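The values are calculated or read from the model by the stated rules, or taken from the named source; none is laboratory data. Quick caveat: nothing in here was measured; it's all calculated off a predicted structure. Here the Cβ positions follow ideal geometry from the backbone for every residue, glycine too, while neighbour counts run over all protein chains shown.
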Amino acid sequence: MKVLALEPYHGGSHESFLEGWRAHSRHDWTLLTLPPYKWKWRMRHAAVTFASEVRRRVSGGESWDLVFCSDMLNLAEFRGLASASVTRVPSVLYFHENQINYPVQVEKERDFQFGLTNIISAIAADRVWFNSEFHRDSFLESIPPFLNKMPDYRPLEAVEIIRSRSEVCQPGVSCAPVRRSGRSPGPLRILWAARWEFDKDPETFFEALALLKEAGVPFRISVLGQKFRETPPVFERARAEFENQTEAWGFQSQRADYQRTLMLTDVFVSTAIHEFFGISAVEATVAGAYPLLPRRLAYPELLKLRSAGAMESHYYDGSAPQLAARLRQLAERLEASGEVWGQTREACTEAARRFCWKPHAAFLDQRLELCLDDATRLDRVEGAGRL
């Protein structure tokens, strides 16, 4: 099958998802992408830019069986502007995030047009994929209160239209090599890896570290992630406060450097107050790190833990005191036995490895094929009814 993929913001998780899938897919992919810069302008102009390029390629003889795009594209605009041969093929819209639930520091600064673009794109798509159940459910639940802000002509039927064509298809991840047996000497090694923005709540992480330090618990930290022009000031303060405990700091431009850190990590910590999937948590768990996650958002879906004891081992209430207490317990376990893991290692690793690209790409490929089969079947039914 020939797939035309459109990504207006080809960076971060969007880039790793498409490039990872294409590298392991059995399908033939054409990727049209734009640099990850000024996301609001990308959402505004990408449909026009891509439609122009697609028309040029169609005139040169190219064709595709299916269009795959991310939530950063106004799909309805694209389908109205692109060549008829492209607008007739089925389309799949993938939600990495959405602009209704995406947090803003000041609610009055939210631009409602971007949330409306997401809704209209989902109505225009043949299938709508979400990267987690939490994302799908929170998006659908948020549509009515969002649309009720409109003065009139509220398209509340959009909820059931979108629900009827929605499914959960988690992204794949690049899996690190299997960790070698044995551990190099040293105190508990803690990794925090996320965008350096307020919605990842770095303040709680550093507050927990301060409590550990005050209690005399030895530890080492790696604080990684993409930085932007405006970075929460807590990072500058924390770098000075934890200078003697720091092993790695900042963005790792080389994948090998990041994987090297994963292979040395004992515990992966998240403090996020916004997360629709959790790629970093999955990658770290596959690499052998012990995941310690807030019990909220998409995180409970990742590890598929069923027993209360297992959940208690890997999830905390999101507060700095409980995070510090869990880290202290792990540091004591490491000192006593040389290992942070208990009986949950196999279950956690198996749950995380199901997202590795080698097996997961085949699942996503199959879902695309079913989308095409469903569209072909519908065309035949509609065609049989025509005079």
The residue that is surrounded by the most Cβ atoms within 10 Å (Cβ to Cβ), considering only those in region 155-185 that are out of contact with any strand residue (DSSP E or B) (no Cβ under 6 Å at 6 or more places or on another chain), within 19 Å of residue 17 (Cα to Cα) and aliphatic (A, V, I, L, M), is 173
For region 141-159, pairs from a residue that is over 15 Å from residue 128 (Cβ atoms) and in the same structural domain as residue 102 (by TED's automatic domain parsing) to a residue that is surrounded by 12 or more Cβ atoms within 10 Å (Cβ to Cβ) and small (Gly, Ala, Ser), with Cβ under 7 Å and 6 or more apart or across chains, are 146/115
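For (1) surrounded by fewer than 19 Cβ atoms within 10 Å (Cβ to Cβ); (2) farther than 25 Å from residue 146 by Cβ; (3) among the aliphatic types (A, V, I, L, M), each residue gets a yes or a no:
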position: 17; (1), (2), (3): no, yes, no
position: 32; (1), (2), (3): yes, yes, yes
position: 43; (1), (2), (3): no, no, yes
position: 46; (1), (2), (3): no, no, yes
position: 73; (1), (2), (3): no, no, yes
position: 81; (1), (2), (3): yes, yes, yes
position: 95; (1), (2), (3): no, no, no
position: 100; (1), (2), (3): no, no, yes
Note on region 129-187: residues of a type in the set (Lys, Arg) and under 21 Å from the mean Cα position of the chain (by Cα) are 136, 163, 165
Among helices (runs of 4 or more DSSP H) entirely within region 1-119, at least 1 residues that are under 23 Å from residue 131 (Cα atoms) and either touching a helix residue (DSSP H, G or I) at 6+ places or on another chain (Cβ under 9 Å) or modelled with pLDDT under 95 (or both) occur in 12-24, 39-59, 75-81
Practice task
Return a yes/no flag: does region 271-288 have any residue that is of a type in the set (Phe, Trp, Tyr) and out of contact with any Asp or Glu (no Cβ under 9 Å at 6 or more places or on another chain).
Solution key: no
Here the qualifying pairs (Cβ atoms under 8 Å; residues six or more apart or on different chains; first in region 67-88 and assigned by TED's automatic domain parsing to the domain that holds residue 368; second of a type in the set (Asp, Glu)) come out as 69/7; 70/7; 71/97; 72/7; 73/7
Exactly one of 222, 253 is in contact with a strand residue (DSSP E or B) (Cβ under 8 Å, 6 or more places away or on another chain), without any contact (Cβ under 8 Å) to a residue 60 or more places away in the chain and either buried (at least 17 other Cβ atoms within 10 Å of the Cβ) or within 23 Å of residue 39 (Cβ to Cβ) (or both), and that one is 222
Among the residues of region 314-329, are any touching a His at 6+ places or on another chain (Cβ under 8 Å) and assigned by TED's automatic domain parsing to the domain that holds residue 192? no
Restricted to region 306-357 and to residues being β-branched (Val, Ile, Thr) and in contact (Cβ under 8 Å) with a residue 60 or more places away in the chain, the residue farthest from residue 206 (Cα to Cα) is 349
